[in-house]
Amino acid sequence: MPKSGGDITRKRILQVAEELFSEKGFDGTGIEEIAQKAGINKATIYYHFKSKNHIIEALFKDIIVDLNNHLKSSHDSGSNGVTEDDIAIKIGREIHFIEDKKKIISVMAMEALKNSDCSSFLFKCAEMTINNELKMHKDNFKSKKDLFEKNRQEFFVHEFFTGFIPFIMFVVLKEKFCDYFDYNKDAVFLQFLESFKKSHFQSHE
């Protein structure tokens, strides 16, 4: 079904807001600036969103929907094995997803440090990702199924601080890191891949 004019305008507002939030930060971006860059007036923005806070909440809710679809697609594909090739494919798939959403994920990470309301969206994304990881490990390591469930908090702490956060920070900061140190991006990716497998995945064995 073709999108209505209102849907197109709403999408345009969100696209512009995402770009400006990632460039200038949430606090550094005003409604007037969003309106100007989107080629509309402020009244149109307020027709779709009550405030700037509602805009960023809409962006965060959209990424949660996208993440849910991504995790479901990954699980349905049956590509969650534990061989070296499986792990490489899994990491590549997750990096591709985060890179595609890098701008809004960067905003989410920044705002989570300042605003407790925004941090809930980051934790929701983490919870969804880690629950998917937990299900995968229960399926692949059936002998440890009860152990994973018994030590659920320990598993979540491990996955969040050694998996989820480092993974996001790598994608968000990779280009700036390589530019600053004048490192080759492809080489850095391969080095991260090896480090991540050693520091994170091997701890599951």
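The values are calculated or read from the model by the stated rules, or taken from the named source; none is laboratory data. Treat the numbers as computed from the prediction; the structure is a model and nothing was measured. Counting neighbours? That spans all protein chains shown, and the Cβs are built from the backbone with ideal geometry, glycine included.
You will find that of K3, K11, K42, K72, the residue that is under 28 Å from D117 (Cβ atoms), at pLDDT below 90 and exposed (fewer than 15 other Cβ atoms within 10 Å of the Cβ) is K72 and no other.
Of all residues assigned to the stretch 80-92, none qualifies as being part of a loop (DSSP other than H, G, I, E, B), modelled with pLDDT under 90 and under 28 Å from R12 (Cβ atoms). Within the stretch 97-113, none of the residues are of a type in the set (K, R) and modelled with pLDDT under 90. Taking the stretch 23-39 as the range and being among the small types (G, A, S) and buried (at least 18 other Cβ atoms within 10 Å of the Cβ) as the test, the residues that pass are A35, A38.
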